[in-house]
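Asker: Sharing a structure here in structure tokens format.
The values are calculated or read from the model by the stated rules, or taken from the named source; none is laboratory data. Note that the structure is a prediction, hence the values are computed from the model and not measured. Ideal geometry is used to build each Cβ from the backbone, glycine not excepted, and the neighbour counts take in all protein chains shown.
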């Protein structure tokens, strides 16, 4: 009798764990909870940080292949990017700073006539609230990409080359 109860209890716990994992996994596949955690400090002299998570815009196909890559160079319809050693940081007054150093390989991102290009304007509309912030995209152009832009890339990768299906760039504060 005790053995049957223990086995039944174990099965119930296993089913609950699997259901929880399926719920979390479904949310991740739908883009919920995906985002970019950026530390912020608020107040005149307040150095406390809060997490801000950008919720992926609905026009994007899910999590990107590469997060927050930086421009190394541009050649025709290709941009060459590197993954930075550290994330974009934002000071207490809202000024963004980033590094153009990277520690990964240089990836060629080929932009075709089918590539959807967007500019991430989330931080331009940012009101200073901690927590989840919906990512806001505007139509973008390859010619508007400046050397200090950061990138998110979706597409088909073959070694160090990606044929981009979606490209999102973000210009630093004060950028075009």
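Asker: Give the residue that is modelled with the highest pLDDT, with candidates limited to residues of region 162-176 that are farther than 16 Å from residue 114 by Cβ and more than 16 Å from the chain's Cα centre (by Cα).
Answerer: The qualifying residue modelled with the highest pLDDT is 173.
Asker: Under 22 Å from residue 54 (Cα atoms), surrounded by 12 or more Cβ atoms within 10 Å (Cβ to Cβ), assigned by TED's automatic domain parsing to the domain that holds residue 52 and at pLDDT below 90, is that true of residue 151?
Answerer: yes
The rows are residues; the columns are (1) under 20 Å from residue 83 (Cβ atoms); (2) in contact (Cβ under 8 Å) with a residue 12 or more places away in the chain; (3) outside any strand (DSSP E or B); (4) touching a strand residue (DSSP E or B) at 6+ places or on another chain (Cβ under 9 Å).
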position	(1), (2), (3), (4)
105	yes, yes, yes, yes
116	no, yes, no, yes
143	no, no, yes, no
148	yes, yes, yes, yes
172	yes, yes, yes, yes
